[in-house]
1. At 1.4 Å probe size, with every protein chain present, just tell me what the per residue accessible area of chain A comes to in Å².
2. Counting only C-alpha contacts under 8 Å and six or more residues apart, can you give the relative contact order of chain A as a whole percent?
3. Nearest 0.05, what FRET efficiency do residue B:264 and residue B:83 give at R0 = 30 Å with Cβ-Cβ as r?
4. Just how large is the dipole of the stretch B:2-203 about the Cα centre, in debye to the nearest 20, putting +1 at every Lys and Arg Cβ and -1 at every Asp and Glu Cβ?
5. So if each residue of separation counts as 0.36 nm, and I subtract the Cα-Cα distance between residue A:66 and residue A:21, what length gain in nm does that give?
6. Taking both sides together, what accessible area is buried at the B/A interface, probe 1.4 Å, expressed in Å² and rounded to the nearest 100?
7. Under a 5 Å amide H to amide H cut-off, with H placed in plane at 1.01 Å, what residues pair with residue A:21 once short-range neighbours are removed?
8. What pairs from A:134/B:153; A:144/B:224; A:54/B:167; A:91/A:188 go past 21 Å between their alpha carbons?
Amino acid sequence: MYIMKLHNVTRAFGGLRAVDEVSIEFSSGGITGLIGPNGAGKTTLFNLISGLLKLDCGEIYFDNIRVDGLTPWEIAKLGIGRLFQDVRVFKKLSVLDNVLLAKLQHPGESPLSVLFSTRRVTNAEKENLGEAHKWVKFVGLSGKENSPAESLSFGQQKLLAIARLLAGGYKLLLLDEPSAGVNPAMIKSLLELMKKIADAGRTIIFIEHNMTVVLEIANWVFFLNEGRVISFGRPDDVLGNDEVRKAYLGV
Amino acid sequence: MIFIYGILALSMNLLAGYTGLLSLCQAAFYGIGAYSTTLLMIKVGINFFPALVCGIFITSFISLFIAYPSLRLRGDYFILAAIGFQLIVFSILYNCVWLTRGPYGIPGIPRPSAFGFQFDSLPRYFLLGGFIFFLVLLFTRAILRSPFGRALKAIREDELTAGVMGKNVPALKIWAFVIGAGIASVSGALYAGYVTYIDPTSFTLDESIFIIAIVLVGGSGNLKGPIVGTFFMLILPEALRFLGLPVTIAPNVRQMIYGLLLILLMRYRPQGIAGEYRFE
Ligand SMILES: Nc1ncnc2c1ncn2[C@@H]1O[C@H](COP(=O)(O)OP(=O)(O)O)[C@@H](O)[C@H]1O
Ligand SMILES: [Mg+2]
């Protein structure tokens, strides 16, 4: 069972082929690691999947629906969520508002419903509020609901961004370097969190530089170098691959 | 007058303060509201209140023509498109003499009346203005405190992330813009009924900039800001009049004080007197 298929996905910036004829099939469920040196094209690949960049050529299927060419919000509504490398919480908004915003298809986000089907909006918002509190608690940010997001530490902002993803109910989560810039103690709870999410049946694809982390939680690993997939398989196998060791670890 | 600008400030706050759209054509919608209400009253002969409501729809509809193409592009294009639209509207009001009488303006606009009650004296008009301002305030409050308002704030903070979180960014911006235009047209109607004479010079780019200045001074992103800004920007000239400056230099002194005030605010309180959001 595949949740997402990439076929010949290519994107160049000027003469630089940041992502070069990448074909990958991601299985449904579990945790997949995407590794590779800096500038390998990992973030670009995520941007292509979430619709922030246009493909030069190739196709992307999610749940057998072709998603390349759709807008970011259409792709999100199909069930692909994204954690950015630089987190990008809404800094001036409260923790709770950040999570409340995650709800997809909220009737209250149409001004016509706000004015003319007040009851429906109120009910949806009530439900949304319950969900939001639940996820804030789930990631361990209880008590911070009303603080502005900018008052949180970087690690806490990551947790908030994850709570936001969970509240969105996405089937597939793209996490760009979730452990980067987070202190070791928090990395541990972050990994626990990721395992919990995967156990709950959601699919995670994450970009990671820390090999210990990859070995600990990834079920599968893709190795990307200069825009191309060099190796794919179980974490031990990929990290044992000669080509990978040469390109990445310099051994 | 204070309520007329208060309503304009509320419309600007919805755009600049909540959505992060620095719209330089609010005066155009103010003008379209004034002219459509006036023409409906004079040429079609309907009462002020239904004319005002029709004016809201006409203005909102017209605003779609600028919102739809320009808000799907990136930020800078929108600012230019808004300035362009402002200039075009002025030029149409000025040159379509058959409809608007151009530079001669339209005199003799009837005062509003309802159920045989004439809003013809100053206190009565003040009451009407206050009442309509209050309705608009309640309306914007309901809109902005809703999930829709929250989504607008998210767009103001970070458009890209809002999109990735499933918010249809262009559609939300277009909604905000069209609602903002509708609100500005209410001011236009009130203005026409108040001065009973309108001409295109009240609806220029300068006026649009003044509306932005109100929101910048008062602060935006909440509902207090625009109200404080309106008081400040409209009461200040009255207060200066009491200084008894000679007529010839008074306007210049006023301009200087406005300028100084804006600079001081930018330096010491960039979010405005009562605002929660600063432009970056
Ligand atoms: N928007 C962009 N414009 C131009 N070049 C870019 C852009 N985004 C990424 N690149 C280039 O594409 C390559 C891949 O970048 P990226 O996907 O961020 O790498 P990674 O996330 O694997 O470190 C880099 O050489 C980077 O400089
Ligand atoms: Mg990267």
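The values are calculated or read from the model by the stated rules, or taken from the named source; none is laboratory data. These numbers come from a predicted model, not from an experiment. Please note: Cβ atoms are built from the backbone with ideal geometry, for glycine as well, and neighbour counts cover all protein chains shown. Ligands, DNA and RNA are stripped out before the accessible areas are found, and what is left, the full protein with its side chains, is counted by its heavy atoms. Shrake-Rupley method; radii C 1.70, N 1.55, O 1.52, S 1.80 Å.
1. Numbers: 11040 Å² over 251 residues.
I get 44 Å² per residue for chain A.
2. Details: 458 pairs, mean separation 66.9, N = 251.
Relative CO of chain A lands at 27 percent.
3. Values: r = 27 Å, r/R0 = 0.89.
Efficiency, rounded to the nearest 0.05: 0.65.
4. On the way: 13 positive and 6 negative charges, 64 e Å.
The calculated dipole for the stretch B:2-203 is roughly 300 debye.
5. Working: separation 45, 0.36 × 45 = 16.20 nm, distance 1.71 nm.
Stretched fully, the residue A:66-residue A:21 segment lengthens by 14.5 nm.
6. On the way: alone 13860 and 12230 Å², together 23610 Å².
Summing both sides, the interface buries roughly 2500 Å².
7. A:10, A:11
8. Numbers: A:134/B:153 23 Å; A:144/B:224 26 Å; A:54/B:167 19 Å; A:91/A:188 25 Å.
Too far apart for the 21 Å limit: A:134/B:153; A:144/B:224; A:91/A:188.
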